[in-house]
Amino acid sequence: MREALYGGLDALGANRLLRHLRRDHVAVLMYHGLVPAGSGIRAWTMVDQDGFRCQLSHLRDHCDVVSIAEALAPGRRTGHRRRVVLTFDDGYRSVYELAFPLLREFGMPATVFVTTAFVDTDGMFWYDRIIGALQDTRIDALDAGAFGLGRFPLAARSPADRWDRIQDVLEAVKWRAYDRREAIADWIAAQHPIPDAIRDRFGMLRTRDLREMVASGLVEAGSHTHRHEILTQIDGEAAGETIRMSLQELAAMTGRAVTTLSYPNGDHDPAITACVARHGVAAAFTTRPGDWMPGTDPMRIPRYGVSAFDSEERFRAIVSGLAGLVQA
Ligand SMILES: [Zn+2]
C-alpha cells in the first residue's frame, strides 16, 4: 500500500524535487549489518547485500555520499546534490565482509560505530541472541514468567509473522537493567540453541578488519560505547567511563583520534550530550529520523534507519526525506 504510494510519488518527481529543495541538508543513514542475498536471516538490522548494492547505485546516481568530517565542514563543500552520510552501528563483522567491498567499488566513505568490548570476541548482543534463538524455533510460546515478563506467543504463519512475535519479546526485554537483559537473553539462548550459521552472521568485527578498513581511508571508526549500555539508564560516572574507554580503545586499535559517536538505542539527555562533548566528540548521532540541517545541534544529529524490510521505493523516499513527510 505504502510502497505503491512511494512509487507513485517517485514517478511524479516528488523525490527529485525534495532532494533538490533539501540539497543543503544531509541525510545520515543508519545501517547495522548485512547478510548475503538469500541467507534466510530475517532481522530488521540485517540488510541483504544485493539490496545494499542497489541502494548504493541509487545514491551514486542522485546524491553525494560524504564523510562525517566533510558534512561538518560545509565551507569545503564541492558538490551540489543532496548529501548522504553512511553509518553502521554496533560493529558487525559483516560490515567488513559484505559492505566494505561494495564501499570500495563505489568509492563511498562510511563510519562504523563500534561497541569496543565486543571486538575480537565471539560475543553476540542480547537482542541478536534472542533473534538467533527464536527465529526458527518450533515452540508455540515463550514463558518468561520467571523474569516477570509473562508469556509470549511465537506461533507464526510466515517469517514476517515470526519476526513480529520476536519483536514483542525484544521490546519487553529492552527496558530491563543491563545485567537483567543479559540474563534473560542467556536463558532464552540456553533453551533454544542458536544455530552456528546464524551465530556466524551476527559475528563482531576483529581489530584487523577495523584496521584494514580505516587504513583504506574510506572508513572511519566511531564510538558506540564500550558495552552498548543505554546511557540514560546508568549513572553519570559509568556513562563517562564507557564513553572514555571506547574512544581510547578505538584510538589504540586504529591509530587515529576518534571524534564521533552514536548513542546506543539513540538514548541521550542533556547530561549525556555534555559528557560526550567533554570527551572530545565533535559529532554524536541519535536514532531519531530527520535531516541534518545547518542549525542542528552536533551532539544530537538525527539519522534515518534503513531496515532489511525497506523496499527500493521506500529507500528512495527515506533518502529524499519523503518517507519522513508521509509518516508525519
Ligand atoms: Zn546499537
Given (1) touching a Phe, Trp or Tyr at 6+ places or on another chain (Cβ under 9 Å); (2) more than 16 Å from the ligand (Cβ to nearest atom); (3) assigned to a loop (DSSP other than H, G, I, E, B); (4) not small (Gly, Ala, Ser), number of the condition Met108 does not satisfy: (1)
Single residue of Leu170, Leu218, Leu205, Leu210 found to be aliphatic (A, V, I, L, M) and under 17 Å from Ile41 (Cβ atoms): Leu170
Residue that is charged (D, E, K, R) and buried (at least 21 other Cβ atoms within 10 Å of the Cβ), where the choices are Arg288, Arg201: Arg201
Lone qualifier among Glu229, Glu241 - being under 20 Å from Ala177 (Cβ atoms), of a type in the set (Asp, Glu) and part of a loop (DSSP other than H, G, I, E, B): Glu229
Any hit, the range 310-317, residues being assigned by TED's automatic domain parsing to the domain that holds His25 and assigned to a loop (DSSP other than H, G, I, E, B): yes
Criterion violated by Phe202 - all others in (1) aromatic (Phe, Trp, Tyr); (2) closer than 20 Å to Asp122 by Cβ; (3) in contact with a strand residue (DSSP E or B) (Cβ under 6 Å, 6 or more places away or on another chain) satisfied: (3)
Residue within the range 138-153 that is over 15 Å from Phe202 (Cβ atoms) and touching a residue at least 60 places away in the same chain (Cβ under 8 Å) present: no
Some residue of the range 252-259 being out of contact with any strand residue (DSSP E or B) (no Cβ under 9 Å at 6 or more places or on another chain), away from the ligand (no atom under 16 Å from the Cβ), β-branched (Val, Ile, Thr) and at pLDDT 95 or above: no
Members of the range 149-169 that are surrounded by 10 or more Cβ atoms within 10 Å (Cβ to Cβ) and more than 22 Å from the chain's Cα centre (by Cα): Leu149, Gly150, Arg151, Phe152, Pro153, Leu154, Ala155, Ala156, Asp161
Qualifying residue in the range 183-206 (condition: touching a Pro at 6+ places or on another chain (Cβ under 6 Å), touching a residue at least 12 places away in the same chain (Cβ under 8 Å) and not acidic (Asp, Glu)): no
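Can you tell me which residue among His228, His224, His268 is assigned by TED's automatic domain parsing to the domain that holds Leu86, of a type outside the set (A, V, I, L, M, F, W, C) and either on the phi > 0 side of the Ramachandran plot or surrounded by fewer than 20 Cβ atoms within 10 Å (Cβ to Cβ) (or both)? Working first, answer last.
Details: His224 fails: either on the phi > 0 side of the Ramachandran plot or surrounded by fewer than 20 Cβ atoms within 10 Å (Cβ to Cβ) (or both); His268 fails: either on the phi > 0 side of the Ramachandran plot or surrounded by fewer than 20 Cβ atoms within 10 Å (Cβ to Cβ) (or both).
The match here is His228.
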His224 being modelled with pLDDT of 95 or more, within 14 Å of the ligand (Cβ to nearest atom) and in contact with an Asp or Glu (Cβ under 8 Å, 6 or more places away or on another chain): yes
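The values are calculated or read from the model by the stated rules, or taken from the named source; none is laboratory data. Please read these numbers as outputs of a predicted model, since none were measured by experiment. Glycine also receives a Cβ, built like all others from the backbone with ideal geometry; neighbour counts cover every protein chain displayed.
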